[in-house]
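The values are calculated or read from the model by the stated rules, or taken from the named source; none is laboratory data. Everything numeric here is computed off the predicted structure, so don't read it as measured data. Here the Cβ positions follow ideal geometry from the backbone for every residue, glycine too, while neighbour counts run over all protein chains shown.
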Amino acid sequence: MITRTRLWYGFVKIRTQQILKRCDYVRGVKVSNLALVPKIAVVDDDASLRDALVELLEVFDFKCQAFEGAELFLAAHTKNRFDCLITDLNMKGCSGLQLQQKLATLDPRLPVIFISAQSDSEARSKALRSGAVAFLSKPINDDVLYRHIIAALSRGMSRPVDD
Amino acid sequence: MELADYATDSVIRYDLDGTIRYCNPASETQFGWKAAKLLGRHFHDLMPDRAEASSLWKNLLRIGRWDGLLQRRLQSEVEIGAYVRLTVRHDSRGRPLDVVEYAALSMNSPVPSLPVPPLIAERGGAACWQFNIKRARPLLDADAAATGYDANEQEWHPDRLDTLLAAVQIVDVNDEAIRLFGLPADRDKIVDRRVASLWPEQSRAALGDLLTAIAAKTDTEPETREIPVVDRLQHVVLTGWRAADPRCPDIVFVRVNAILNAPNAVIELEASQNRYRNLISFLPVPVWQIDARAAGRIFDRLKASGITDLAAYSEEHPELVDLTCDIVQVFDVNDEAMQLFGGRQRSDFIGPARYLFDGTPGAARRVMLAHFSGVRNHVEELKVKTFDGRLIDVLLLMTFPVPGERRDTTIVMMMDNSARLEAEAKLRIVEGDFSHAARLSTLGEMTTSIAHEIKQPLSAILMNAQTSLRYLRKADPNLEKADQLTSRIVESAQRANDIIGRIQDMAGKRDPIYTLLDFNDVVHQCLVFLRHESEEKLVVIKARLQPDLPPIHGDRIQLQQVIVNLIVNSIQAMNTAPQTQREIYLETSVDEDDHVACSIRDTGTGIPADHMDQIFDGFFTTKEDGLGIGLAICQSIVRAHGGEITAANHPEGGAVFRFWIPTGSTAEL
């Protein structure tokens, strides 16, 4: 089964909103604006970094929603609501790794990108073993992040949809 | 007189006019005068100077005895030195009868001739003073002119008496005067001083009268004044006269006759004075002897006029301190004192006491207030300027005389503190080094969380900058966004700077700066500092800070060091504890003694009982990479703040460290 979303992901490298909109317009009947733009969830307890990440994702023309902590994200999360999750590793309360564990049962196909201020090799291999798309160390290069988001979205594209 | 014929010393008897009535054969051989030539001659014929001889003779008759070295003129006109002892003999009714002279040739003849003849006998029956009233002349003359002088009516104003006696200079005193008046044994310490500083309190007015009367007279006839009691003396009679020698018109002699109350008193007095003098001069401590009576008189007058708060009075009249410094006189110092001040001559130390207090502002005033308050002792640490230009730290110990003691002697001692203060300064440096090492050690244990904390704002800066560039590089640059993002960059950079500042504070080497602090602020800064460390170790810090703590007086960084160190220790103590139980309870409060208290309790394994006693010892550690100075430093910091720190195990498990610091008002820092 191939959903509308998955069809779109094949063309995701086209970056600008204008082009996107043109695409919408071309396929206007089939594709709604909301559904076409991938939506990324950001979880980080550091406000300045969270805000910076949101701004960067916006300039990439992604839609995104930011959460201060894993609990808040989980409360807002429903299956397929987000196309990708970028989470900080170290957070008060529920850590990035714990969040990943929970999502393994709640939304196993949601691609997860870890960002961390520490080069904690143990946490890194644990995250990657558990299926994380990437484990990026702060400070993060914008191009690198973009490549990994695209990779995550492509991977998500191939995930089975069970609706 | 037959016996005298066989004596080997010269023996001569004069009548009261000075005419020779007898001489023995030794006189002939010693002075080369034929006996027949000597008889009928006058005392002054044996002397090279007639005027000198006649004034000596007059003094002899008034004092009763004279002995000392004299120039003798031989028949051959040659002059020769002789040791001469002259004694006035009295009849059974006490009237002078004649004068007997014993003389022996001096070994060190000829005696150098003196500009002013030795007018006072060195030993004699009566205490004798020789004054120079030259500088007091204007005062004396004014008195005589103004009042037409009447000794009995004269009422002395204390100021005027002080001024007069301060102008009268002591030329000489005899041994009897030294003994009777308890003067310094060393005559050099008496000569040239003002009589004001040595004359007994109760007979000052009498002396003033006497000198005024003598000054008003044109002849050299004696004047007398009687005083019933002076200290231990009774029936004191002062007899004064001007020198007959016209070369010294301002020289006045005063003879003091008195009866001591108790016959043994003299011996006791002498013995105790000797002991006292020996004690002072051999004491291995710098000692000054000061006559502060002049200040005492001023204080008495101030008290009499109703002034009780000298502190306030001296603020209104700062010149009082100045005056006190000048009128309070050092009259003796021991060798140790001279050494301490690097002085060569004792005379440099004698005089106004001002130089003792010059090195420390306010010291003279504090000493004055202590004296005024009537305390026995005054102790303070001060800096003094030595004569060779050094500034040294000393501990000053002053003992003021209390009623019943000789009022003329205030004892000042100084202990050289330089060595102790130097050692203390070195100790503080070592302590500072240790404290610094402990901070670095704590920081070292926290490197991971420090790196994490700095990376956060740096990441935000980088990300915002990159986003900003993307907006600017668009075909249609979004300047509004770029502006907004750049503002965020500034904020984050500021935050990074603050973090680095905090670390620098902890890592830097610095002297403590004591200020008034809100202890809760200090705690809060520590929690910010430790946030990442505790989060990373999955430790929850539950702080309960009592609001409105009284301010404390302390060094912010040092107190932070204590708190950070205790919390880091607690975090480490819970490494092995289950993650759900890693909690630290931090509380601030005001304890029953009004101290600000802080307790830090963890849920770790607690302190093993056998470690409890050593836990604050330096270099005691159970950590492999620990220096073992953290808790020792915590203790020394808390103690330096006037507080105390304790360690215990909590009944519900875990260790609890508790320390308290006095509040700003109670701390003595």
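Residues checked against (1) touching a Lys or Arg at 6+ places or on another chain (Cβ under 9 Å); (2) buried (at least 17 other Cβ atoms within 10 Å of the Cβ); (3) assigned by TED's automatic domain parsing to the domain that holds residue B:197; (4) of a type outside the set (Val, Ile, Thr):
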{"residue": "B:349", "(1), (2), (3), (4)": "no, yes, no, yes"}
{"residue": "B:353", "(1), (2), (3), (4)": "no, yes, no, yes"}
{"residue": "B:370", "(1), (2), (3), (4)": "no, yes, no, yes"}
{"residue": "B:377", "(1), (2), (3), (4)": "no, no, no, yes"}
{"residue": "B:386", "(1), (2), (3), (4)": "no, no, no, no"}
{"residue": "B:391", "(1), (2), (3), (4)": "yes, no, no, yes"}
{"residue": "B:394", "(1), (2), (3), (4)": "yes, yes, no, no"}
{"residue": "B:421", "(1), (2), (3), (4)": "no, no, no, yes"}
{"residue": "B:446", "(1), (2), (3), (4)": "no, yes, no, yes"}
With the condition kept exactly as written, say whether any residue in the range B:511-525 is within 14 Å of another protein chain (Cβ to nearest Cβ) and crowded, with 18+ Cβ neighbours inside 10 Å. no
Please indicate, with yes or no, whether at least one residue in the range B:625-638 is at pLDDT 90 or above, hydrophobic (A, V, I, L, M, F, W, C), surrounded by 15 or more Cβ atoms within 10 Å (Cβ to Cβ) and within 24 Å of residue B:520 (Cα to Cα). yes
Based on what the data block shows, is residue A:125 of a type outside the set (D, E, K, R), in contact with a strand residue (DSSP E or B) (Cβ under 9 Å, 6 or more places away or on another chain) and at pLDDT 85 or above? yes
In the range B:526-535, what residues are buried (at least 18 other Cβ atoms within 10 Å of the Cβ) and of a type in the set (D, E, K, R)? B:533, B:535
Determine whether residue B:321 is in contact with a Lys or Arg (Cβ under 7 Å, 6 or more places away or on another chain) and assigned by TED's automatic domain parsing to the domain that holds residue B:391. yes
Among the residues of the range A:51-63, which ones are farther than 13 Å from residue A:113 by Cβ and more than 9 Å from chain B (Cβ to nearest Cβ)? A:54, A:61, A:63
Return yes when residue B:430 is out of contact with any Asp or Glu (no Cβ under 7 Å at 6 or more places or on another chain), among the β-branched types (Val, Ile, Thr), without any contact (Cβ under 8 Å) to a residue 24 or more places away in the chain and more than 12 Å from chain A (Cβ to nearest Cβ) and no when it is not. yes
Filtered residues of the range B:49-101 (kept if within 17 Å of residue B:24 (Cβ to Cβ), in a strand (DSSP E or B) and touching a residue at least 40 places away in the same chain (Cβ under 8 Å)): B:72, B:82, B:98, B:99, B:100, B:101
Being part of a loop (DSSP other than H, G, I, E, B) and under 15 Å from residue B:323 (Cβ atoms) is the filter here, so list the residues in the range B:352-393 that pass it. B:357
Please go through the range B:510-538 and pick out each residue that is outside any helix (DSSP H, G or I), of a type outside the set (Asp, Glu) and over 22 Å from residue B:440 (Cα atoms). B:515, B:516, B:517, B:538
Tell me yes or no: at least one residue of the range B:357-369 is under 14 Å from the mean Cα position of the chain (by Cα) and of a type in the set (S, T, N, Q). yes
Would you be able to say whether some residue in the range A:103-121 is surrounded by fewer than 17 Cβ atoms within 10 Å (Cβ to Cβ), under 30 Å from residue B:542 (Cα atoms), touching a strand residue (DSSP E or B) at 6+ places or on another chain (Cβ under 7 Å) and within 14 Å of chain B (Cβ to nearest Cβ)? yes
For residue B:402, indicate whether it is more than 14 Å from chain A (Cβ to nearest Cβ), farther than 15 Å from residue A:51 by Cα and either at pLDDT below 80 or assigned to a strand (DSSP E or B) (or both). yes
Answer yes if at least one residue in the range B:356-367 is surrounded by fewer than 18 Cβ atoms within 10 Å (Cβ to Cβ) and on the phi > 0 side of the Ramachandran plot, and no otherwise. yes
Could you check how many residues of the range B:489-505 are surrounded by fewer than 11 Cβ atoms within 10 Å (Cβ to Cβ) and within 10 Å of another protein chain (Cβ to nearest Cβ)? 0
Tell me which of these residue B:486 doesn't satisfy, since it passes every other one: (1) within 18 Å of residue A:47 (Cα to Cα); (2) facing chain A (nearest Cβ under 10 Å). (2)
Could you please find all residues in the range B:517-536 being closer than 23 Å to residue B:496 by Cβ, of a type outside the set (A, V, I, L, M) and touching a helix residue (DSSP H, G or I) at 6+ places or on another chain (Cβ under 9 Å)? B:521, B:525, B:526, B:529, B:531, B:532, B:533, B:534, B:535, B:536
Output the number of residues of the range B:312-351 satisfying the condition of being small (Gly, Ala, Ser) and in a strand (DSSP E or B). 1
